[in-house]
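Written out below as structure tokens is the structure these notes cover.
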Amino acid sequence: MGYLGTVSLGVWVKCGSAYENHDNNGMAHLVEHMLFKGTGSKNATEISDVMTSLGSGFNAYTAKEFTCFYVTVLTEHLSSAVSLLAEMLTDSVFDENEFKREKDVVLDEIALYNDSPDDAVYEMLEKSVWKDHPLGFQISGDEEQVGAYTRDELYDFYQKNYVSGNIVISAAGNFDDDKLVELLQSKFEKIKSGPENSGLTVPEYRRCIYVEKKDTDQIYLNVCMLGCTVNAPDRYADSVIETILGGSESSRLFRKVRDEKGLTYSISSSTDSYICAGLSFADVIVDREKMGITLETILDIIKDIRKSGITERELIRTKEQVKSELMIEAESTRYRMSSYGKGMLFRNRAMSAGEVIDMINSVDIEACMNVAGKYLDTENLSVSVVGPVTKNDVNFIKNLTGISTVLDKS
């Protein structure tokens with residue numbers, strides 16, 4: 001992308017909550033925080049100052065299957081940015097005082113998450129249907145457990161996971177390929193040698209209703225069914241079906257639930273795809289007295305897609321929407337860097353935007369109906385509801401869905 005003046009670069013580490021166990025859940029997220037808190041030559045303030053001088057484009061996040069450290073800078077600052085990222089990943093000291101302070105920050109983050117109904121309704125449903133499997137773990141971990149971790153335990157976790165086999169580095173923007181490779185080899189030579197994390201297993205799916213009573217003005221409702229994996233051959237057809245279901249203002253959920261019936265302001269659908277499993281979601285925020293009719297309507301729409309199919313007009317319109325969104329995003333260096341990094345991490349291959357467009361173009365009605373028959377199964381759905389929920393509300397959901405298992409946090 002030589003016409004640009006910037007570069008986005010990401011360091012992807014195959015280390016997230018899906019690779020944890022009950023004894024260390026939350027450590028990947030805590031390590032991410034600690035790598036900003038001091039190296040052998042820079043303290044936390046100095047790291048922050050260098051980041052600011054380079055444009056404040058530094059950040060990181062932890063997901064279930066990876067942790068990513070990324071930066072977008074002017075091309076002229078690329079060498080300095082790589083040097084800093086390499087120093088953070090290879091020479092962080094995990095100072096005891098910084099560890100104690102940052103652990104308190106993470107505990108506040110966990111508490112904030114627990115107070116957020118729109119986060120809880122989604123995360124707790126995933127946790128509930130996958131029960132004790134690591135894919136159901138909270139990324140940030142449990143408040144009490146994280147509070148008990150020691151500096152040495154965390155440092156050992158870091159040493160075991162931040163190794164060569166777990167790391168992918170991706171870049172997009174204006175840079176010289178050969179010079180960047182040489183720079184990366186030089187700056188990351190201190191990365192310890194070690195094998196790639198493996199051992200992910202397919203979680204057992206458990207139908208259930210998760211209930212959390214909260215003093216909120218509205219009900220936060222989430223419905224999920226089994227979905228496609230991140231490398232599934234039908235993932236492109238799935239993206240089309242999910243967009244038709246609830247991915248835009250032209251979607252069936254939006255038009256029927258919001259426009260025609262006026263039941264809610266906020267409704268959408270999505271798919272969470274992982275290496276070994278996936279879930280399809282439909283989520284809505286609604287007044288308590290409208291919850292019943294809203295849930296009924298959502299299920300009717302899902303059943304109708306599976307039974308009656310989609311129209312050629314819907315297919316054409318949605319494919320154009322998906323392609324347009326993809327191409328707009330692909331003009332961003334950060335999006336391309338992210339797409340390449342995830343591609344290498346998940347399938348040892350980065351796909352160009354053109355290749356993805358070709359796959360979307362190949363999706364036809366038959367492929368969409370195969371996906372709908374496979375994933376949009378209301379006989380195998382689960383429900384999460386957070387807010388001013390009553391016993392009658394829960395009984396209504398049980399009777400409507402046929403789900404017998406209720407997990408009531410309150």
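Filter the stretch 364-379 for residues that are touching a residue at least 40 places away in the same chain (Cβ under 8 Å) and closer than 19 Å to THR297 by Cβ; which is surrounded by the fewest Cβ atoms within 10 Å (Cβ to Cβ)?
ASP377
Name every residue in the stretch 283-303 that is more than 21 Å from PRO388 (Cβ to Cβ) and either in contact (Cβ under 8 Å) with a residue 40 or more places away in the chain or in contact with a helix residue (DSSP H, G or I) (Cβ under 7 Å, 6 or more places away or on another chain) (or both), in order of residue number.
Of everything in the stretch 283-303, those that are more than 21 Å from PRO388 (Cβ to Cβ) and either in contact (Cβ under 8 Å) with a residue 40 or more places away in the chain or in contact with a helix residue (DSSP H, G or I) (Cβ under 7 Å, 6 or more places away or on another chain) (or both) turn out to be LEU299, ILE301, ILE302, LYS303.
Scan the stretch 9-52 for residues that are hydroxyl-bearing (Ser, Thr, Tyr) and either in a loop (DSSP other than H, G, I, E, B) or outside the structural domain of ASP95 (by TED's automatic domain parsing) (or both) and jot them down.
SER41, the sole residue that qualifies.
Here's the yes/no breakdown for (1) more than 18 Å from the chain's Cα centre (by Cα); (2) surrounded by fewer than 15 Cβ atoms within 10 Å (Cβ to Cβ):
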position: ASP176; (1), (2): yes, yes
position: LEU200; (1), (2): no, no
position: GLU204; (1), (2): yes, yes
position: CYS228; (1), (2): no, no
position: ASN231; (1), (2): no, yes
position: SER250; (1), (2): yes, yes
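Answer yes if at least one residue in the stretch 53-65 is in contact with a strand residue (DSSP E or B) (Cβ under 7 Å, 6 or more places away or on another chain) and on the phi > 0 side of the Ramachandran plot, and no otherwise.
yes
What single numbered condition from (1) surrounded by 16 or more Cβ atoms within 10 Å (Cβ to Cβ); (2) not assigned by TED's automatic domain parsing to the domain that holds ALA28 fails to hold for PRO195?
Of the numbered conditions (1) surrounded by 16 or more Cβ atoms within 10 Å (Cβ to Cβ); (2) not assigned by TED's automatic domain parsing to the domain that holds ALA28, the odd one out for PRO195 is (1).
For the stretch 252-280, give me each residue that is among the hydrophobic types (A, V, I, L, M, F, W, C) and buried (at least 21 other Cβ atoms within 10 Å of the Cβ).
LEU253, VAL257, ILE267, ALA277, LEU279
Within the bounds of the stretch 219-226, is there any residue that is loosely packed, with under 14 Cβ neighbours inside 10 Å, touching a helix residue (DSSP H, G or I) at 6+ places or on another chain (Cβ under 9 Å) and closer than 27 Å to GLU32 by Cβ?
The answer is no; no qualifying residue exists.
Of the conditions (1) farther than 30 Å from TRP12 by Cα; (2) touching a Ser or Thr at 6+ places or on another chain (Cβ under 9 Å), THR333 fails just one. Which one is it?
Evaluating THR333 over (1) farther than 30 Å from TRP12 by Cα; (2) touching a Ser or Thr at 6+ places or on another chain (Cβ under 9 Å) leaves (1) as the failure.
Of the residues in the stretch 272-319, how many are more than 29 Å from PRO203 (Cβ to Cβ) and among the polar types (S, T, N, Q)?
4
The values are calculated or read from the model by the stated rules, or taken from the named source; none is laboratory data. No experiment lies behind these values; they were computed from the predicted model shown. Heads up, the Cβs are rebuilt from the backbone with ideal geometry, glycines too, and the neighbour counts pull from every protein chain shown.
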